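Asks: Got a structure for you, written out below as structure tokens; questions coming shortly.
The values are calculated or read from the model by the stated rules, or taken from the named source; none is laboratory data. What you see is a predicted model, and the numbers here were worked out from it, not measured in a lab. Using ideal geometry, Cβ is built from the backbone for each residue, glycine included, and neighbour counts are taken over all protein chains shown.
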Amino acid sequence: MRRRDFITLLCGAAVPGPFAARAQEAGRTYRIGFLIPATRESAAVAGLFDELRRNGFIEGQNLTVVFGGFNIRNEQIAGGVAAVVKAAPDVIVSGPELYARALQAATRTIPLVSMSEDLVGAGLAASLARPGGNITGISLLSPELDGKRQELLIEAVPGAHRMAALADSTITPQRHLQALQDAARSRGVELSIFAVAKPEEIAPAIDDAKARGVEAVNVLATPLQFINRSLIFDRMATLRLPAIYQWPDMAEEGGLWDTGRASPKSTVSGRGWSPRSCAAPSPPIFPSSSRPSSSWSSISRPPRRSATKFPSHSSSAPTR
């Protein structure tokens with residue numbers, strides 16, 4: 001198997017259907033590096049290795065994982081980049097934009113596979129069909145749904161005049177936040193932005209939002225907030241704040257409700273996206289933009305175990 005095929009398989013691990021197992025190159029051991037904020041034990045990473053195993057890449061046999069590179073926080077990116085590039089693996093699986101950008105600045109020869117919000121929009125790739133350079137992967141394209149989630153939140157909590165957006169100050173563009181505020185204002189809602197950059201800033205930000213009279217929260221699509229979702233669920237439930245989230249299965253885990261496509265951990269197990277793949281000389285970026293029409297109008301029911309309830313002015317909980 002050529003290295004390009006191995007890279008394409010890594011992208012396809014998130015959409016297992018189109019990718020059948022390919023014949024392995026006899027005697028070849030592939031080396032894979034990581035630079036991601038998730039732990040080695042996370043569901044998304046475990047799912048990736050499960051899919052690789054199903055396609056014949058087995059750790060300890062013909063697959064070696066470069067040590068380190070998991071659970072990397074923003075302040076550790078520079079050191080992580082230096083270590084993984086020095087190890088010179090066959091491919092590096094990268095985290096979101098900050099991670100991919102740091103890696104791309106450090107190497108133009110080692111192939112990079114990134115799962116990011118928008119590789120093209122961030123300037124990391126030339127196009128979805130022909131990324132160019134040494135990067136490919138999956139563009140989640142989830143920020144464009146933040147506005148849709150806000151519309152659903154306004155409809156689901158009628159009478160609310162003050163809402164909040166919980167954002168990641170390190171990656172959420174100001175223009176995106178301004179667009180959300182303008183859209184909320186057109187609906188007669190004041191939207192306050194509460195920006196965080198570290199896990200320890202999340203709970204105080206939610207507390208501050210509650211203290212300022214916020215009646216519902218749009219938890220924007222960011223890796224920081226996905227990784228720390230349990231903390232967010234608990235705080236929202238304690239403060240009885242309705243909140244809408246990025247991934248459908250976040251409601252199953254304890255969030256109040258959500259909309260959109262399945263999360264990466266669902267994706268790798270085959271329950272999630274069916275992104276279109278683009279035929280191209282180099283591995284394409286897989287956009288998760290082919291959303292079913294129901295995702296625009298449906299909201300998951302709150303899980304029974306969730307202690308969160310709608311405020312008294314809300315007439316009803318959202319339903320499918």
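Asks: Under 7 Å between Cβ atoms, which residue pairs at least 6 apart in sequence (or on different chains) link something in the stretch 78-97 that is among the polar types (S, T, N, Q) with a partner that is part of a helix (DSSP H, G or I)?
Replies: Short answer, once both residue conditions are applied: Ser94/Ala100; Ser94/Leu103.
Asks: Filter the stretch 36-63 down to residues that are surrounded by fewer than 16 Cβ atoms within 10 Å (Cβ to Cβ) and of a type in the set (Val, Ile, Thr) and give me whichever is farthest from Pro96 (Cα to Cα).
Replies: Checked the stretch 36-63; the qualifying residue farthest from Pro96 (Cα to Cα) is Ile58.
Asks: Same structure, new question: When you scan the stretch 54-65, do you find a residue that is in a helix (DSSP H, G or I) and either among the aromatic types (Phe, Trp, Tyr) or not assigned by TED's automatic domain parsing to the domain that holds Ile110 (or both), even just one?
Replies: no
Asks: Mind listing whichever residues of the stretch 86-99 are assigned to a helix (DSSP H, G or I) and among the small types (Gly, Ala, Ser)?
Replies: Ala87
Asks: Check the stretch 194-216 and report whether any residue there is among the aromatic types (Phe, Trp, Tyr), part of a helix (DSSP H, G or I) and under 30 Å from Leu35 (Cα atoms).
Replies: No, the stretch 194-216 contains no residue that is among the aromatic types (Phe, Trp, Tyr), part of a helix (DSSP H, G or I) and under 30 Å from Leu35 (Cα atoms).
Asks: Filter the stretch 147-189 down to residues that are surrounded by fewer than 16 Cβ atoms within 10 Å (Cβ to Cβ) and in a strand (DSSP E or B), then give me how many there are.
Replies: Residues in the stretch 147-189 being surrounded by fewer than 16 Cβ atoms within 10 Å (Cβ to Cβ) and in a strand (DSSP E or B): 1 in total.
Asks: Of the residues Ala126, Ala78, Ala102, Ala83, which single one is of a type in the set (A, V, I, L, M, F, W, C), outside any helix (DSSP H, G or I) and either in contact with a Pro (Cβ under 9 Å, 6 or more places away or on another chain) or outside the structural domain of Phe226 (by TED's automatic domain parsing) (or both)?
Replies: After applying the criteria, what remains is Ala126.
Asks: From the list Ser139, Ser127, Ser116, exactly one residue is out of contact with any strand residue (DSSP E or B) (no Cβ under 6 Å at 6 or more places or on another chain), polar (S, T, N, Q) and closer than 21 Å to Ile32 by Cα. Which is it?
Replies: Ser116
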